[in-house]
1. Residue by residue, what Karplus-based ³J(HN,Hα) values in Hz, rounded to whole numbers, does the range 134-142 have, using 6.51, -1.76 and 1.60 with θ = phi - 60° and x for Gly and Pro?
2. Would you compute, from DSSP H runs of 4+ residues alone, the mean residue ellipticity of the chain at 222 nm, taking -39500 (n - 2.57) per run and dividing by the full residue count, rounded to the nearest 500?
3. Please report the accessible area of W74 (heavy atoms, 1.4 Å probe, ligands and nucleic acids excluded) in Å², nearest 10.
4. Considering only protein heavy atoms and a 1.4 Å probe, what is the carbon-and-sulfur percentage of the accessible area of the range 38-85?
5. Suppose R0 equals 25 Å. What FRET efficiency, 1/(1 + (r/R0)^6) with r the Cβ-Cβ distance, do A114 and R231 give to the nearest 0.05?
6. Answer with a single label: of [x] 1, 6, 14, 19, 20, 18, 13, 7, 2, 0, 0; [y] 1, 6, 12, 14, 12, 10, 8, 7, 7, 6, 5, 4, 2, 2, 1, 1, 1, 1, 0, 0; [z] 1, 6, 12, 17, 18, 15, 11, 8, 6, 3, 1, 0, 0, which was calculated as P(r) over Cα pairs in 5 Å bins from 0, in percent from the structure in view?
7. Quantify, in whole percent, the carbon and sulfur part of the accessible surface of the range 113-215 (1.4 Å probe; protein heavy atoms only).
8. Could you state the angle between the C-alpha long axis of helix 153-170 and the longest principal axis of the C-alpha atoms of the chain, as a value from 0 to 90 degrees rounded to the nearest 10?
Amino acid sequence: MTIMAGRTAALMDLTRPHAHSLSPRGLTIAGWAGFLLAGGIFMAVAWNVAAHRPIVVLDSTIASWFHGHLSDFWTHLMLVVSAANGIGASALWSIIFAAWLARIREWYWVLTLALGTLGGVIVNVMLKTAYERARPHFEDPIVTLGTYSFPSGHTAAATILYGTLAAFLVTRYRNPRLRISIVLAAVAMVVLVAVSRMYLGAHYFSDVVAAAASSTVWLVLCLSGVHALVRHRMDAR
């Protein structure tokens, strides 16, 4: 009974409107740190890919290793993970998430999710068009796609979706261990999606790293922009 009561209280806490549990200064520091780190990683990876630096050799080595260690079990599992986190599936999860946020009247989070999702797709398409990198090629491919490889759309969409969900949940709890667990779970999901795309031969290692980094930059901008809007409206009252 005690456990059930605790879970019920936690769910009610999620649906009850309240102020963020993180200070404005904490949000600013975390946001800028994430922005600079992710931006630096993307620029480094993108430059190395464009200049055909040693990372291209690393990409081919990792891609060949995955393709040489295929098994029926892992192939089926990675296909499921990839399908459940594709562009269409991520859009569906985002709509469900947005509907739930709207139900509990978290309109600013709905705005954040909408900006992150739609803008993230645009950013990813622009980057793919700018770099025009061909996908990995194998004589017996698991999946065959005609679009460009850099950066990974699946990984980008997962970063936006799970990143927004994690950010929302982190602002709802004050327990440091719970916050860390939420962030680690989100990171694990993004890594799983990224590995599925490499395993299936749809993307190189640098594709998924660049996707996670570029989407993190965009997500931080969305979170910061909406947070600034919230602060401005609160100060204007």
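1. Result, ordered by residue: 6, 6, x, 10, 9, 5, 10, x, 7 Hz.
2. Taken over the chain, the calculation gives -27000 deg cm²/dmol.
3. 130
4. The nonpolar share, carbon plus sulfur, comes to 74 percent.
5. E between A114 and R231, to the nearest 0.05, is 0.80.
6. Structure-derived value, by its label: [z].
7. Its accessible area is 70 percent carbon and sulfur atoms.
8. 20
The values are calculated or read from the model by the stated rules, or taken from the named source; none is laboratory data. Bear in mind the structure is a predicted one, so any value in this text is a computation, not a measurement. Cβ sites come from the backbone with ideal geometry, for glycine too, and all protein chains shown count toward neighbours. Note: accessible area is taken over every heavy atom of the protein model, side chains too, but ligands, DNA and RNA are not part of it. Shrake-Rupley method; radii C 1.70, N 1.55, O 1.52, S 1.80 Å.
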